[in-house]
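As C-alpha cells, the structure follows; a few thoughts come after it.
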Amino acid sequence: MRVRGSKLVVRALEDEGVRFTFGIPGTHNLELYDALATSGVEPVLVTDEQAASFLADGLARTSARVGVLNLVPGAGVTHSLSGVAEAFLDQVPMVVLACGLRTDTGTAFQLHDVDQLALLRPVTKAAFRVEEAAQIYPLVRRAFQLARRPPCGPVAVEIPANLLLLTQQAPDPSFDPEPEPRLEPDPDLVETAAAILGGAERPALYVGAGAAGAGIHLVELAERLGAPVTTTFSGKGVFPERHPLWLWNGFGAQAPHFVRRVMDRCDCLLAIGCRFAEVATGSFGVRPPSRLIHVDVDPRVFNRNFAAELAVPADASSFVRAVLARLGGSRPAAELEGEIAAGHRKLEELPIRSVPGRVHPRSLFAALQRVVSADAIFATDSGNGTFLAVEYLRLDRPGRFIAPVDFSSMGYAVPAAVGAAFANPGRDVVALPGDGALLMTGLELLTAATYGAAPLVVVLRDGMLGQIAHFQRVPYNRTPCAVLPDYSVEGLAMATGCRYFRVVTEVELEPVLTRALEVVRGRIPALVEVLLDGAHRTHFTRGVVATNFWRLPWGDRLRMVGRAMVRRLVPKR
C-alpha cells in the first residue's frame with residue numbers, strides 16, 4: 001500500500017494505547033502533528049521540550065503507560081536531554097520520537113543539522129534511525145517494547161522528515177514482538193537465599209522501586225522474617241510506611257540514630273530491586289553486612305558498589321513469592337516493632353522551633369497529608385524539597401512519590417506533576433518545587449491551565465538554593481550564588497492562568513491548603529507560596545556532609561576545619 005509515514009507513526013501509537021504525546025511542532029514534523037489531530041492520540045503543546053520530557057516522565061511513573069515525546073530536530077532534541085537522562089538513570093519507560101532531517105535532497109548544512117543519535121545514545125537504552133517507510137511501524141512498536149522491558153528506560157526513534165511527509169510504498173503494519181527475557185529466579189539460588197535468611201539472627205530488608213510489583217508479598221516476607229525494612233528514595237511507598245516494621249528511607253549515616261542502631265545489629269541484608277546508587281546510600285555512606293543477598297532484574301548492578309554473598313537475577317515479585325514458599329514460620333518481632341515505634345515517636349515529638357514569619361517543614365508536610373486524598377501523588381524537585389518530603393511524608397503505596405533522584409535535574413516537580421495529572425484525572429497531585437526550581441519550568445503551569453491537568457503547586461519559598469546553601473554553610477560559612485533574586489510567585493500565577501495563595505504562619509496552613517485544593521479539584525492549577533524555614537537540615541544532609549568530610553585526607557580535613565573556624569571568628573567585611 002502507499003501511505004505517508006506520519007500515518008504509520010500514528011497507527012503505532014494508537015496500537016500501543018498512547019493517549020498523549022508531549023512536544024512543540026516545527027517545520028519538519030508538521031505532517032505528523034496534522035495526522036495526530038484526527039487520531040485517538042492527543043498532542044500536548046508544552047512551553048519547552050525539557051518540560052515535555054518531565055511531563056512524559058511524570059505520566060509514566062504514575063501509571064502503567066509509556067511517556068512519549070514528539071520532538072523537532074536539533075534544539076527540540078537538545079532541550080529534552082535533561083529529562084531523557086533523568087528517565088534513563090531513574091529507569092522510567094519513555095519513547096522519544098525524534099524527527100530527523102530530510103534524507104532525499106542530497107544537500108548538506110540543513111537546518112538543525114546535528115548528529116541527534118550521537119546525543120541520544122548515551123542517555124537511552126537504544127536509539128534507532130528509520131531508513132525507509134516500511135521500518136516505521138515495527139521500529140516504533142519495538143521502541144515501546146524495549147522501553148517497558150525491565151530495567152525500563154527511554155528509547156529513541158529518529159524518523160527523517162521526508163518519510164513523514166511523502167507518500168511511499170509500505171507493507172500493511174505488523175509487528176512481531178521479541179521474546180521477553182526470563183525473569184523467574186533460579187530455584188537453586190532461591191534455596192540458597194532461603195537458607196541464608198533462615199540462618200540469620202537479625203535479617204533486614206532494603207527495597208527499591210524495582211520491588212514495587214512484590215506488593216503484599218513483600219509485607220508478608222518482612223513479617224515472616226521479623227525484619228526491619230528500609231527503602232531507597234525511588235522506592236518510597238513500596239513498603240507501607242505506617243507498618244510497624246518500616247524503618248526509614250535509607251540507612252547508614254543519612255538516617256536517624258535509632259535507624260542506625262537497628263541496622264548496625266543486622267547480620268544479613270536482603271536487597272531487592274535497588275542498585276546501591278549514590279543518592280539512595282547517602283553518598284555511599286552505608287555499610288551492608290557481609291551477608292548480602294542482592295536481587296535485581298539487571299545483573300549489571302551486582303557487586304558494583306558492595307559485594308554480594310549471593311546475587312539473584314530475577315523479577316522482585318517472582319523472587320519474593322518463591323522464597324516465601326521455602327521459609328518457615330514467622331519470627332517474633334514485638335520487641336523490634338516497639339523499638340521502631342519509639343524511634344519514630346521521639347522524632348515526631350521533637351519541639352518545632354521556627355523562625356518568626358516562617359513555616360517549619362514538618363508542619364507543612366503534616367498539614368498536606370491531612371488535607372489531600374489518601375491516594376495523592378507528590379512530585380518533588382532536585383534538592384532540599386526531595387529530602388524534606390522523604391523525611392516527613394508517610395506513604396503506603398508505590399507510585400505516589402516521584403522525584404528526580406539519580407540525575408537530579410532541577411525543574412522536575414512542576415512538569416512531572418502536570419504529567420501525573422494527565423495520567424490520573426480525579427486524583428490529587430501535589431508539586432513541591434523550591435523557588436529556584438520554579439524559575440526553571442514554572443511556565444509549564446500554562447500547559448496545566450490550558451489542558452485542565454491541574455496540580456496543587458506548593459512553592460517552598462526560602463529565597464535560596466536550599467540544599468546547596470546547606471552544603472556551603474558548614475565548610476565555607478558563606479553561600480555564593482545560592483541566594484536567589486526576589487521575584488513574584490503571584491505574578492507567575494497571574495501570567496499562567498493559575499490561582500494564587502500565600503502562607504506565612506503555621507495556623508494558615510490547613511485552611512489555605514484546603515481552599516487551594518478546592519480550586520485544583522475544579523481543574524484549575526493553584527500556586528501556594530509557603531514561606532519556609534530554610535534553616536532546617538534533614539538527616540540526609542547532615543549524613544552526607546559527615547560522610548564526605550570523613551572521607552577526606554587528614555590534611556584537607558584540617559584545612560577545611562581551620563578555614564571554617566577563621567571565617568566564624570573574623571567579622572565579614
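The values are calculated or read from the model by the stated rules, or taken from the named source; none is laboratory data. All of these numbers come straight from a predicted model, not from anything done at the bench. Heads up, the Cβs are rebuilt from the backbone with ideal geometry, glycines too, and the neighbour counts pull from every protein chain shown.
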When you check MET565 against the structure, is it over 30 Å from GLY442 (Cβ atoms), exposed (fewer than 14 other Cβ atoms within 10 Å of the Cβ) and not assigned by TED's automatic domain parsing to the domain that holds ALA367, yes or no? yes
Quick one: GLY235 ticks every box in (1) in a loop (DSSP other than H, G, I, E, B); (2) closer than 15 Å to PRO288 by Cα bar one, so which box is it? (2)
Just one of (1) closer than 29 Å to GLY153 by Cα; (2) at pLDDT 95 or above; (3) not acidic (Asp, Glu) trips up ALA200, so point out which. (1)
Failed criterion for GLN472 (all others in (1) touching a residue at least 24 places away in the same chain (Cβ under 8 Å); (2) in contact with a Pro (Cβ under 8 Å, 6 or more places away or on another chain); (3) surrounded by fewer than 22 Cβ atoms within 10 Å (Cβ to Cβ) hold): (1)
Any chance LEU336 is in the same structural domain as GLN467 (by TED's automatic domain parsing) and among the hydrophobic types (A, V, I, L, M, F, W, C): no
Looking for something in contact (Cβ under 8 Å) with a residue 40 or more places away in the chain and of a type in the set (Phe, Trp, Tyr) - is there at least one such residue anywhere in region 123-135? no
A careful count of residues in region 25-40 that are touching an Asp or Glu at 6+ places or on another chain (Cβ under 8 Å) and closer than 13 Å to LEU8 by Cα gives 2
Report the residue count in region 544-573 for those that are within 15 Å of ARG478 (Cβ to Cβ) and not in a helix (DSSP H, G or I). 4
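A quick yes/no check of all residues on (1) assigned by TED's automatic domain parsing to the domain that holds ALA437; (2) modelled with pLDDT of 95 or more; (3) surrounded by 15 or more Cβ atoms within 10 Å (Cβ to Cβ); (4) part of a helix (DSSP H, G or I):
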residue	(1), (2), (3), (4)
PHE276	no, yes, yes, no
THR281	no, yes, yes, no
ASN303	no, yes, no, no
PHE306	no, yes, yes, no
PRO332	no, no, no, no
LEU364	yes, yes, yes, yes
ASP375	yes, yes, no, no
ALA379	yes, yes, yes, no
Restricting region 445-459 to residues that are of a type in the set (A, V, I, L, M) and in contact with a Ser or Thr (Cβ under 9 Å, 6 or more places away or on another chain), which is surrounded by the most Cβ atoms within 10 Å (Cβ to Cβ)? ALA448
Which residue out of GLY491, GLY497, GLY442 is surrounded by fewer than 18 Cβ atoms within 10 Å (Cβ to Cβ), touching a helix residue (DSSP H, G or I) at 6+ places or on another chain (Cβ under 7 Å) and either in the same structural domain as GLY17 (by TED's automatic domain parsing) or modelled with pLDDT of 95 or more (or both)? GLY497
Looking at region 204-220, which of its residues are assigned to a strand (DSSP E or B) and either without any contact (Cβ under 8 Å) to a residue 12 or more places away in the chain or touching a Cys at 6+ places or on another chain (Cβ under 8 Å) (or both)? ALA204, TYR206, VAL207
Applying the selection to region 166-190, what residues are modelled with pLDDT of 90 or more and surrounded by 10 or more Cβ atoms within 10 Å (Cβ to Cβ)? GLU184, PRO185, ASP186, PRO187, LEU189, VAL190
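Yes/no per residue for (1) outside the structural domain of ILE402 (by TED's automatic domain parsing); (2) under 29 Å from ASP298 (Cα atoms); (3) outside any helix (DSSP H, G or I):
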{"site": "PRO25", "(1), (2), (3)": "yes, no, yes"}
{"site": "LEU30", "(1), (2), (3)": "yes, no, no"}
{"site": "VAL68", "(1), (2), (3)": "yes, yes, yes"}
{"site": "THR78", "(1), (2), (3)": "yes, yes, no"}
Yes/no for SER63 being under 23 Å from the mean Cα position of the chain (by Cα), outside the structural domain of THR380 (by TED's automatic domain parsing) and closer than 14 Å to ILE402 by Cβ: yes
With criteria (1) over 23 Å from ALA334 (Cα atoms); (2) surrounded by 23 or more Cβ atoms within 10 Å (Cβ to Cβ); (3) over 18 Å from the mean Cα position of the chain (by Cα), GLY235 comes up short on (3)
I need the full set of residues from region 521-541 which are under 17 Å from VAL371 (Cα atoms) and surrounded by 18 or more Cβ atoms within 10 Å (Cβ to Cβ), in order please. PRO525, ALA526, LEU527, VAL528, GLU529, VAL530
Quick test of your reading of the structure: ILE340 fulfils all but one of (1) part of a loop (DSSP other than H, G, I, E, B); (2) farther than 27 Å from ARG182 by Cα; (3) not acidic (Asp, Glu). Name the failing condition by number. (1)
Where a residue in region 395-424 is at pLDDT below 95 and its partner, wherever it lies, is basic (Lys, Arg) and crowded, with 24+ Cβ neighbours inside 10 Å, with Cβ under 6 Å and at least six apart: none
Could you check region 412-426 and list, in sequence order, the residues that are out of contact with any Pro (no Cβ under 8 Å at 6 or more places or on another chain), of a type outside the set (A, V, I, L, M, F, W, C) and either surrounded by 20 or more Cβ atoms within 10 Å (Cβ to Cβ) or assigned by TED's automatic domain parsing to the domain that holds ARG65 (or both)? PRO415, GLY419
I'm told VAL92 meets every condition in (1) assigned to a loop (DSSP other than H, G, I, E, B); (2) surrounded by fewer than 23 Cβ atoms within 10 Å (Cβ to Cβ) except one. Can you identify the failing condition by its number? (2)
